[in-house]
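Accompanying notes for the structure given below.
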Amino acid sequence: MRLVSRAPHPALSDHPEFAAMLAVTLQRFHCTLAEIREDYWLGRAWRALSGDPDLRGRVARVGLGNVLLTGEAFAEAPIRVRDRAELRQRAIARLVADTAHTAERLGISVSFADEPILVAEGCVMSILAQTVSGDARWADLGAYRDDLSPVIVPVAMSAGAIVAA
């Protein structure tokens, strides 16, 4: 399944001063480059999954990098193997289309909810975006506004039964 990317374009990672932005973020948050990259790409992954019209109401975050696939309106996931495979393939295809990374490379696991779940909205903003937004050194960020904006992610508040894919 090939999907057209819905990701913000241009990506902040395409900015000519991206390396300098990383250095400033490293200094501000005292974290590793790997942590900044993981945070940035997970934010793009959640933007992709939560923004896909076919996945809306069927995908929730559990922990940091775990995707929980459900039925419509966060009901239990489909029972039929074929339906689960199609739902999983849609989520994987959306990640690849919007991030050019596989779920494995992003460190994301995908599982299914075997009963309805309750969700809350979580707001995710990358530490990179928190660092560069409003910083006078980068006044040319208008074109990157969509990649810098917070992402509203459905977060599972209760998931009694989860089955690994």
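Per-structure values
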quantity	calculated
Rounded Å value of the spacing that divides the Cα centres of region 39-55 and region 64-91	15 Å
Among Val62, Val24, Val153, residue whose mean-square fluctuation peaks in a GNM of the chain (springs only between Cα atoms under 10 Å)	Val24
Cut-off 14 Å (backbone N to label point 7 Å along Cα→Cβ of Ala143), residues of region 1-34	9-18
Val119 long-range amide H proximity, modeled H, under 5 Å	Met157
Estimated vicinal HN-Hα couplings, Hz - region 71-88 in sequence order (Karplus 6.51, -1.76, 1.60; Gly, Pro = x)	x, 4, 6, 6, 6, 4, 5, x, 8, 4, 4, 4, 5, 5, 4, 5, 5, 4
Long-range Cα-Cα pairs in region 1-96 (distance over 21 Å), rounded percent	44 percent
Helix 33-51 axis, angle to the chain major axis (alpha carbon atoms, nearest 10°)	50 degrees
Low-density loop cleavage sites - trypsin sites (Lys or Arg not before Pro) in region 101-153, where at most 15 other Cβ are within 10 Å (DSSP)	Arg137
GNM top mover of Ala97, Ala73, Ala60 - the chain, alpha-carbon springs below 10 Å	Ala73
Region 1-68: trypsin sites (Lys or Arg not before Pro) falling in loop per DSSP and having at most 13 other Cβ within 10 Å	Arg2, Arg56
Amide H within-cut-off set for Glu76, under 5 Å, with H built and near neighbours excluded	Gly71
Rounded tilt (10° steps) of 18-29 against the dominant C-alpha axis of the chain	80 degrees
Exposure proxy order (Cβ contacts within 10 Å, fewest to most) of Trp138, Trp46	Trp138, Trp46
Value of relative contact order over the chain, rounded to a whole percent, pairs C-alpha under 8 Å and six or more apart	32 percent
Charge dipole of region 61-123 about the Cα centre (unit charges at C-beta), most positive-ward option of Gly63, Ala73, Ala93	Ala93
Student exercise, region 17-165 dipole from Lys, Arg, Asp, Glu Cβ charges, in Debye to nearest 20	180 debye
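Each reported figure results from applying straightforward, stated rules to the coordinates on display, with no laboratory input. In this text the structure is predicted, and so the values were computed from the model without any measurement. Every residue, glycine as well, gets a Cβ built from its backbone with ideal geometry; the counts of neighbours run over all protein chains shown.
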